[in-house]
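The values are calculated or read from the model by the stated rules, or taken from the named source; none is laboratory data. Everything quoted here is computed from the prediction, not taken from an experiment. Just the protein is used for accessible areas: all its heavy atoms, side chains included, with ligands, DNA and RNA removed. Shrake-Rupley method; radii C 1.70, N 1.55, O 1.52, S 1.80 Å.
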Amino acid sequence: MSLDSRSFRKALGCFASGVTVVTTLVPATKAPVGVTVSAFSSLSLDPPLVLFCLGNGTSSMAAFKEFGHFAINILTETQRDLSIRFASRSEDKWQGVAWSAWNSGVPILPQCLASLECSLVEVLDGGDHQIFVGRVEKMKHQEGGSPLLYFRGSYLDTAPHGAMTDVI
Ligand SMILES: Cc1cc2nc3c(=O)[nH]c(=O)nc-3n(C[C@H](O)[C@H](O)[C@H](O)COP(=O)(O)O)c2cc1C
């Protein structure tokens, strides 16, 4: 059966998702890299694994494959601007963006609902995307706060915030 691609996209868009900015570093220069990603999922509790999917056309694909670590920054409803910025093809995505580093150096964005620092376990072929599997090495999360949500190709707003908690 051949699928109509427009209908396929519309059907998939019926699944509401959170929004993340996935980050890493360019191995040679240590320049920060970030991409807006909604194709993120928890995978395993023990061992603690997560996954995200990156389109084959993503300019920073090589950095994600080669650096060996990445961070998942789960956005709050107030961080729509970050989502838009890191979904752009701008050369200047990081201009004026504050970030910090934990153990591996990958960018951790402030005031996210949660940030997960991961070591890369495996990259799997997934059609026109690559599936990145990572082991969570360190994380923090807010006890309260509302997520940035994406549904049928648009952002949905929800409600406000809480305090940061360092877990590992
Ligand atoms: C809400 C939202 C969710 C997205 N989710 C994904 C995703 O899961 N995987 C992906 O590869 N691109 C996703 N994109 C598109 C990328 O963010 C966009 O293509 C980005 O420019 C790619 O980064 P690059 O500049 O390194 O090529 C999403 C965009 C938006 C606005």
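Rolling a 1.4 angstrom probe over the protein heavy atoms with all chains in place gives segment 26-122 an accessible area of 49 Å² per residue.
For the chain, the fraction of C-alpha pairs farther apart than 29 angstrom is 16 percent.
Based on alpha-carbon atoms, the Kirkwood radius and the radius of gyration of segment 1-51 give Rg/Rh equal to 1.14. One Cα centroid belongs to segment 3-59, the other to segment 107-140; the line between them spans 9 Å.
Grouping the Cα pair distances of segment 1-96 into 10 Å bins from zero gives a pair-distance distribution of 13, 41, 33, 12, 1 percent in increasing distance order.
Counting only pairs 8 or more places apart or on different chains, how many lysine pairs in the chain have C-alpha atoms closer than 21 Å?
Summing the qualifying lysine pairs gives 5.
Among Ser41, Ser115, Ser59, the residue with the largest mean-square fluctuation in a Gaussian network model of the chain, with springs joining Cα atoms closer than 10 Å, is Ser59.
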